[in-house]
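Everything below concerns the one structure shown next.
The numbers here are math on the coordinates, done by the rules we state, and not lab data. What you are looking at is a predicted structure, and each value in this text was computed from that prediction instead of being measured. Neighbour counts run over all protein chains shown; Cβ positions are idealised from the backbone, glycine included.
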Amino acid sequence: MFDSAIKNIIEKSYNQIKDINSIDTFLEENLINSSVERLSLVNGYPSILIFLAEVSNFLKDEEPLDIAYKYVLKMKKEIEKNGYIDGSLSIGLSGILYSIYRVSDNCKRYNSLIKSLNYLLTKEAEKYIKKFINTNPPTYYTYDCATRC
């Protein structure tokens, strides 16, 4: 299915991600706003969780999901310490929830955390829906967002 070059890249990346301390050092040195970007689906812990979910699937191994647990704890601590930006996919709760779900083994892991974050996301969505509905006159953007909810 995968040729050996791709498999080597996956294994090399996986071995680097196993060392959480080096990842934290890298993130600290390379991110502009580290508290926000650590929770970013683009370049933070959530992207690492998605990678670990895929590696677990590729290798047919649970070890990547065990490593993911350490990253989930880091994300939880980051949220408790600094909060979250919004409900967005890229830097908000949607991306965080998606990444945690990916390593949750269909919600067998992290069920209470997923429920708590989902509650917060629901509250964020309600806030935005009310804002969009009450915008007068409605703009195309307002109408588009409100009708998709």
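Taking packing as the residue-averaged number of other Cβ atoms within 10 angstrom, the listed peptides 18-25, 41-48, 88-95 run from highest to lowest as 41-48, 88-95, 18-25.
Across the stretch 34-39, computed HN-Hα scalar couplings (Karplus, 6.51 cos²θ - 1.76 cosθ + 1.60, θ = phi - 60°) run 4, 5, 7, 6, 4, 9 Hz from first to last residue, x flagging Gly and Pro. Within straight-line reach of residue 130, meaning a Cα separation under 25 Å, sit the following lysines at least 8 residues removed in sequence or on another chain: 115. Stretching residue 8 away from residue 30 to a fully extended chain increases their span by 5.4 nm, per 0.36 nm per residue minus the current alpha-carbon distance. Compute the long axis of helix 111-133 from its Cα atoms, compare it with the longest principal axis of the Cα atoms of the chain, and write down the angle in degrees, 0 to 90, nearest 10. Tilt relative to the chain: about 30 degrees.
Positive end of the dipole of the chain (Cβ unit charges, origin at the Cα centre): among 13, 128, 59, the Cα lying farthest that way belongs to 128. Think of each Lys and Arg Cβ as +1 and each Asp and Glu Cβ as -1; about the Cα centre, that makes the dipole of the stretch 86-137 roughly 100 debye.
Which of rounded, prolate, oblate describes the stretch 62-102, given a ≥ b ≥ c as roots of the alpha-carbon gyration tensor eigenvalues and a/c under 1.5 marking rounded, otherwise prolate only if a/b is larger than b/c? Oblate, since a/c reaches 1.5 and b/c is not below a/b.
Would you look at the GNM of the chain, springs on alpha carbons closer than 10 Å, and say which of 68, 53, 125 moves the most? Maximum fluctuation in the GNM of the chain, among the listed residues, is at 125. Reducing the stretch 35-71 and the stretch 1-22 to their Cα centroids gives an inter-centroid distance of 12 Å. Within straight-line reach of residue 76, meaning a Cα separation under 17 Å, sit the following aspartates and glutamates at least 8 residues removed in sequence or on another chain: 24, 37, 66, 86. Across the stretch 30-66, the residues whose backbone nitrogen lies under 13 Å from the label position 7 Å along the beta-carbon direction of residue 82 are 30-41, 43-46. Cross-link pairs exceeding 26 Å between alpha carbons, from the set 60/123; 18/77; 18/123: 60/123; 18/123.
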